[in-house]
Amino acid sequence: MYKYDSYDQQMVDARVEEFRDQARRRLEGKLTEDQFKPLRLMNGLYLQLHAYMLRVAIPYGTLDSRQMHALADIADKYDRGYGHFTTRQNIQYNWIKLEDAADILADLAKVEMHAIQTSGNCIRNISSDHFAGAAADEVVDPRPYAELLRQWSSFHPEFSYLPRKFKIAVIASDTDRAAMRLHDIGIQIVEQDGELGAAFYVGGGMGRTPMIAPCINPFVPLDQLVTYAEACLRVYNRHGRRDNKYKARIKILVHEMGAEEYTRQVEAEFAHLLEQGVEPPFAELERIRTFFEDPLFEADLTDDIDRSDPDFALWVDRNTVAHKADGYVSAVISLKPVGGIPGDATTEQMHLMADLARDYSFDELRVMHTQNIVLPHVRKADLHALWTALEAAGLGSPNLDTVEDIIACPGLDYCSLANARSIPVAQQISERFAANGKTEALGQLKLKISGCINACGHHHAGHIGILGVDKKGVENYQLLLGGSEAEDVSLAKITGPGFDEAGIVDAVETAADVYLRERQDGERFLDTYRRIGMTPFKEALYG
Amino acid sequence: MRILTGNDLKTGAVTWWTGSDWSLHVEDAVDVTGSEDEIARREESARRVNAPYAIDATMDEGSPRPSHIKDRVRAIGPTVRPDLTLKPADPDIGNWVI
């Protein structure tokens, strides 16, 4: 994985000291909250429902055991013994003290991490495929391109005050594991006639106005990648609305301007920028690429797995994914125990995951946007030992992509923007399906819960989505069906009137039962919904 | 009634105006109807509180109960982590919040 050079380290260290001085001046009363707020937000420090919250960037979700240990130490030393992995492949701490914040950033800088650009109207942490570098179906590892874009976008003076926040995802396979088309810019590295290039999808997003990004250019040569991205941003920066924050995202611009006109302006800007020579030398991309070379996979490994333990066999079936190297798999560590809080991990669990990455996965971990952790390169022969260690720590739940593998935002339990609680609903649903035994029969069923219209829980993209709303001071939950963040991307539709907390759990089970009754051979929940439509579900839900 | 809340500048902890100081416990809050803006301005400029604002509340068994669920969650802590709330031993805490 990428290692800081001296320039990277100097930049991050300097930012830590700058923030230390800003925090000191705030504590001494030399800065007002109005003056300090944009400064702390630039360093990922929010003031949330109960305390300050620090969001730490994990670039494209990749980290090593040293970094995971450091994240665990921060949870232990400065927070309350746990952290929350987010749908942007980051980690958040919920109980941070302002007087500790600079020390935390200094601790992060020691392991080449930071919290820069995890808030504000700038280019946020760039996300990617959590199986990058391991997936059997990718044309190339997308992370060098994500890293190049990370370096380009970090402290970019022209894009530090965009009309609104800006999110980029980079993938390199036809299977979309990063919700690529629901980003402001989604980039897919593709192969065409033996050459690699980048397909640009611009103007997607969730939030209050969900949109699927159209493809504005199917093949940008990779030695023009940054220039094209810059052109996309420039047109947005020029025309994006600053008069209304609810209409300020690029998706609104592309929609109102029209994809064709937006593309025309991007191409004109691109032609202009090509003359300016803003693209970094191709040698820089080559340099970055050397950090992402394959680890030394062993040859002639066995593909045999002893499946005599049924619990282990179930975990292998559900939580391991095919790898490009024979004898290896990618193993998913579920942070979704039945009745647990999706995405939360304790200090001890983080230390254990770091140790297991060191012992079994070439020292590498990934954070999934679905709030689980991946050990990307595990020998099949090591799986039983790995699973045994995970089971003992409460990390062996065999539920990847099942109805129990729920995405949930922090909701009203932690978030000052939320209208309703998400986590208790997720807990009750996972408990319901664990108890009624339907999880196995339901197969792949992606359930996503947001506590407000900002959609941090990706409810628009759930096969089943839940949106918490405030109904005259009382929590209420809308049910949505038919969304997908994957290559078969679609936006979920609301079924009808909302439900109270108990009612929404019943409603999810009712929808699941409709699927079990109506499905045909091989159909997932989403396939059945698309075939039969909303009506049978509405009839079952509302009579 | 109106009660005044904010966050401790150093720790970020939720605090409530008691009439003379700031408390971590909402039951210590007093009615500030009519004077909330003046108190908020004065206390914030003295850095005894960060980002103060007034909310609606009612008296419930002798102590203030915030009217909106968001403020009740804020007063107690995350409902999903009773071990982190201010009243971890209170079995009725969920009922109070909801």
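The values are calculated or read from the model by the stated rules, or taken from the named source; none is laboratory data. For clarity, every value in this text was computed on a predicted model and none was experimentally measured. Neighbour counts run over all protein chains shown; Cβ positions are idealised from the backbone, glycine included.
Only one of A:Leu390, A:Leu400 is more than 21 Å from the chain's Cα centre (by Cα) and over 19 Å from A:Ala325 (Cα atoms); which?
Numbers: A:Leu400 fails: more than 21 Å from the chain's Cα centre (by Cα).
That would be A:Leu390, the only listed residue that is more than 21 Å from the chain's Cα centre (by Cα) and over 19 Å from A:Ala325 (Cα atoms).
Taken together, the residues in segment A:328-355 that are in contact with a strand residue (DSSP E or B) (Cβ under 6 Å, 6 or more places away or on another chain), surrounded by fewer than 22 Cβ atoms within 10 Å (Cβ to Cβ) and either among the hydroxyl-bearing types (Ser, Thr, Tyr) or over 21 Å from A:Thr86 (Cα atoms) (or both) amount to 1. Listed residues A:Pro218, A:Pro214; which is closer than 27 Å to A:Lys448 by Cα and out of contact with any Lys or Arg (no Cβ under 8 Å at 6 or more places or on another chain)? Result of the check over A:Pro218, A:Pro214: A:Pro214. Looking at B:Gly62, is it among the small types (Gly, Ala, Ser), modelled with pLDDT under 95 and out of contact with any Cys (no Cβ under 9 Å at 6 or more places or on another chain)? It is true that B:Gly62 is among the small types (Gly, Ala, Ser), modelled with pLDDT under 95 and out of contact with any Cys (no Cβ under 9 Å at 6 or more places or on another chain).
Could you count how many residues in segment A:90-113 are closer than 17 Å to A:Leu47 by Cα and touching a residue at least 40 places away in the same chain (Cβ under 8 Å)?
13
Scanning segment A:371-403 for residues that are acidic (Asp, Glu) and out of contact with any Lys or Arg (no Cβ under 7 Å at 6 or more places or on another chain) returns A:Asp382, A:Glu391. Scanning segment A:356-378 for residues that are touching a residue at least 60 places away in the same chain (Cβ under 8 Å), surrounded by fewer than 22 Cβ atoms within 10 Å (Cβ to Cβ) and either within 14 Å of A:His130 (Cα to Cα) or in contact with a helix residue (DSSP H, G or I) (Cβ under 7 Å, 6 or more places away or on another chain) (or both) turns up A:Arg358, A:Asp363, A:Glu364.
Looking at A:Val425, is it more than 18 Å from the chain's Cα centre (by Cα) and either within 14 Å of chain B (Cβ to nearest Cβ) or within 16 Å of A:Arg208 (Cα to Cα) (or both)?
Details: more than 18 Å from the chain's Cα centre (by Cα): yes; either within 14 Å of chain B (Cβ to nearest Cβ) or within 16 Å of A:Arg208 (Cα to Cα) (or both): yes.
The answer is yes for A:Val425.
The residues in segment A:432-476 that are part of a strand (DSSP E or B) and charged (D, E, K, R) can be counted, and the count is 4. Pairs meeting the criteria (first residue in segment A:220-238 and without any contact (Cβ under 8 Å) to a residue 60 or more places away in the chain and in the same structural domain as A:Lys251 (by TED's automatic domain parsing), second residue among the polar types (S, T, N, Q) and in a helix (DSSP H, G or I), beta carbons under 7 Å, at least 6 apart or on different chains) are A:Val235/A:Gln265. Identification of strands (runs of 3 or more DSSP E) wholly contained in segment A:156-206 with 3 or more residues that are modelled with pLDDT under 95 and either on the phi < 0 side of the Ramachandran plot or surrounded by fewer than 24 Cβ atoms within 10 Å (Cβ to Cβ) (or both) yields no element. When you look at A:Leu45, is it within 11 Å of another protein chain (Cβ to nearest Cβ), more than 22 Å from A:Pro342 (Cβ to Cβ) and not polar (S, T, N, Q), yes or no? When the stated conditions are applied, A:Leu45 passes them.
For segment A:140-149, the count of residues that are in a helix (DSSP H, G or I), acidic (Asp, Glu) and more than 14 Å from every other protein chain (Cβ to nearest Cβ) is at least one. Contact map, segment A:186-209: residues that are assigned by TED's automatic domain parsing to the domain that holds A:Val139 and farther than 17 Å from A:Ser127 by Cα paired with residues that are buried (at least 18 other Cβ atoms within 10 Å of the Cβ) and aromatic (Phe, Trp, Tyr), Cβ distance under 7 Å, separation 6+ or inter-chain. No pairs are found. Only a single item in (1) out of contact with any helix residue (DSSP H, G or I) (no Cβ under 9 Å at 6 or more places or on another chain); (2) more than 14 Å from chain B (Cβ to nearest Cβ) is not met by A:Arg238, and it is number (1).
Selection over segment A:127-145 of residues that are buried (at least 24 other Cβ atoms within 10 Å of the Cβ) and acidic (Asp, Glu) gives a count of 1.
Considering only residues of segment B:1-44 that are in contact (Cβ under 8 Å) with a residue 40 or more places away in the chain, within 12 Å of chain A (Cβ to nearest Cβ) and within 8 Å of the chain's Cα centre (by Cα), which is surrounded by the fewest Cβ atoms within 10 Å (Cβ to Cβ)? First the steps, then the outcome.
Our first condition is that a residue be in contact (Cβ under 8 Å) with a residue 40 or more places away in the chain; within segment B:1-44, this holds for B:1-9, B:14, B:16, B:24-26.
In the following step, the residues that additionally are within 12 Å of chain A (Cβ to nearest Cβ) were identified as B:5-9, B:14, B:24.
Narrowing further to those that are within 8 Å of the chain's Cα centre (by Cα): B:5-6, B:14, B:24.
Values: B:Thr5: 23, B:Gly6: 21, B:Val14: 24, B:Leu24: 13.
Top of the filtered list is B:Leu24.
A single entry from A:Thr290, A:Thr320 fulfils the requirement of being at pLDDT 95 or above, under 22 Å from A:Leu395 (Cβ atoms) and not basic (Lys, Arg): A:Thr320. Inclusion of A:Leu31 among residues that are among the hydrophobic types (A, V, I, L, M, F, W, C), within 14 Å of chain B (Cβ to nearest Cβ) and in a loop (DSSP other than H, G, I, E, B) is warranted.
Of all residues in segment A:219-260, those satisfying the criterion of being among the hydrophobic types (A, V, I, L, M, F, W, C), surrounded by fewer than 20 Cβ atoms within 10 Å (Cβ to Cβ) and under 14 Å from A:Tyr201 (Cα atoms) are A:Phe219, A:Ala259.
Checking each residue in segment A:481-512 for being in a helix (DSSP H, G or I) and either touching a strand residue (DSSP E or B) at 6+ places or on another chain (Cβ under 7 Å) or surrounded by 19 or more Cβ atoms within 10 Å (Cβ to Cβ) (or both) picks out A:Glu501, A:Ile504, A:Val505, A:Ala507, A:Val508, A:Ala511, A:Ala512. Take the residues of segment A:60-81 that are within 14 Å of chain B (Cβ to nearest Cβ) and touching a Lys or Arg at 6+ places or on another chain (Cβ under 9 Å): which is nearest to A:Ile341 (Cα to Cα)? Per the criteria, the residue is A:Arg80.
Could you check how many residues of segment A:308-320 are free of Cβ contacts under 8 Å to residues at least 24 places away in the same chain and farther than 16 Å from A:Glu440 by Cβ?
Restricting attention to segment A:308-320, the residues satisfying the condition of being free of Cβ contacts under 8 Å to residues at least 24 places away in the same chain are A:308, A:310, A:313.
Filter again for farther than 16 Å from A:Glu440 by Cβ, leaving A:308.
The number of residues fulfilling the criteria is 1.
Selection of segment B:49-81 for residues being in contact with a helix residue (DSSP H, G or I) (Cβ under 8 Å, 6 or more places away or on another chain) and facing chain A (nearest Cβ under 8 Å) yields B:Asn50, B:Ala51, B:Ile69, B:Lys70, B:Val73, B:Gly77, B:Pro78, B:Thr79, B:Val80, B:Arg81.
Residues in segment A:428-451 that are buried (at least 23 other Cβ atoms within 10 Å of the Cβ) and either within 19 Å of A:Ala512 (Cα to Cα) or within 11 Å of chain B (Cβ to nearest Cβ) (or both): A:Ile429, A:Ser430, A:Phe433, A:Leu445, A:Lys446, A:Leu447, A:Lys448, A:Ile449, A:Gly451.
From A:Ala259, A:Ala268, A:Ala248, A:Ala229, grab the single residue that is in contact with a helix residue (DSSP H, G or I) (Cβ under 8 Å, 6 or more places away or on another chain), more than 30 Å from A:Pro398 (Cα to Cα) and at pLDDT 95 or above. Give the steps one after another, and end with the answer.
Working: A:Ala259 fails: in contact with a helix residue (DSSP H, G or I) (Cβ under 8 Å, 6 or more places away or on another chain); A:Ala268 fails: in contact with a helix residue (DSSP H, G or I) (Cβ under 8 Å, 6 or more places away or on another chain); A:Ala248 fails: in contact with a helix residue (DSSP H, G or I) (Cβ under 8 Å, 6 or more places away or on another chain).
Of A:Ala259, A:Ala268, A:Ala248, A:Ala229, the one residue that is in contact with a helix residue (DSSP H, G or I) (Cβ under 8 Å, 6 or more places away or on another chain), more than 30 Å from A:Pro398 (Cα to Cα) and at pLDDT 95 or above is A:Ala229.
Identify, by number, the condition in (1) charged (D, E, K, R); (2) within 11 Å of chain B (Cβ to nearest Cβ); (3) within 26 Å of A:Ser361 (Cβ to Cβ) that A:Arg55 doesn't meet. A:Arg55 satisfies all of (1) charged (D, E, K, R); (2) within 11 Å of chain B (Cβ to nearest Cβ); (3) within 26 Å of A:Ser361 (Cβ to Cβ) except (2).
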